[in-house]
Amino acid sequence: MQKTIISVKNLQKHYGSFEAVKGISFDVYEGEIFGLLGPNGAGKSTTLEIIETLRIKTSGEVIVDGMDLDKEPDNIKKIIGVQLQSSGFYPGLT
């Protein structure tokens, strides 16, 4: 059985009344190539930014390599690599 590296369950992100991420769920397994596809504004970048600890989720569960995003964000930051889609820095990114 393959090891689950990323597990996302019912992830939601709201900006006021706007629902940017609408309760998505998926798993990514060790060695798997995984892509998020959808039109502009579908929540792909927001989802990745939440997994990368760069953005706060509204609700749902995110587990990265066995670590709960709510309990161990600093440990997740130590093992994840991020390639930003445009130049610039997020607050707190080191």
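Could you please report the charge total around residue 21, scoring K, R as +1 and D, E as -1 over all other residues with beta-carbon less than 15 angstrom from its beta-carbon? Spell out each step's value before the answer.
Details: positive: 9, 13, 22, 44, 55, 57; negative: 19, 49, 52, 61.
In short, +2.
Net charge near residue 43, counting Lys/Arg +1 and Asp/Glu -1 over other residues with Cβ under 9 Å of its Cβ? Write down the numbers at each step before the final one.
Working: positive: 13, 22, 44; negative: 19.
Charge balance in the 9 Å sphere: +2.
Can you tally the net charge around residue 12? Count Lys and Arg as +1, Asp and Glu as -1, for every other residue whose Cβ sits under 11 Å from the Cβ of residue 12. Kindly include the intermediate steps, with their values, before the conclusion.
Numbers: positive: 9, 13, 22, 57; negative: 19, 61.
That works out to +2.
On a straight-distance basis, which lysines could pair with residue 13 in a cross-link, Cα separation under 26 angstrom, same-chain partners fewer than 8 positions away excluded?
Of all the lysines, those that pass the test against residue 13 - Cα under 26 Å, at least 8 places apart if same chain - are 22, 44, 57, 71, 77, 78.
Let me make sure I get this right: for the chain, a, b and c are the square roots of the gyration tensor eigenvalues over alpha carbons, sorted descending. Under 1.5 in a/c it's rounded, otherwise prolate if a/b > b/c, else oblate. Which is it? Display every interim value, and only then the final one.
Details: a/c = 1.36, a/b = 1.16, b/c = 1.18.
Rounded, since a/c falls under 1.5.
Each value in this text was obtained by applying a stated rule to the coordinates, not by laboratory testing. What you are looking at is a predicted structure, and each value in this text was computed from that prediction instead of being measured. Neighbour counts are summed over all protein chains in view; Cβ atoms, including those assigned to glycine, are modelled from backbone coordinates with ideal geometry.
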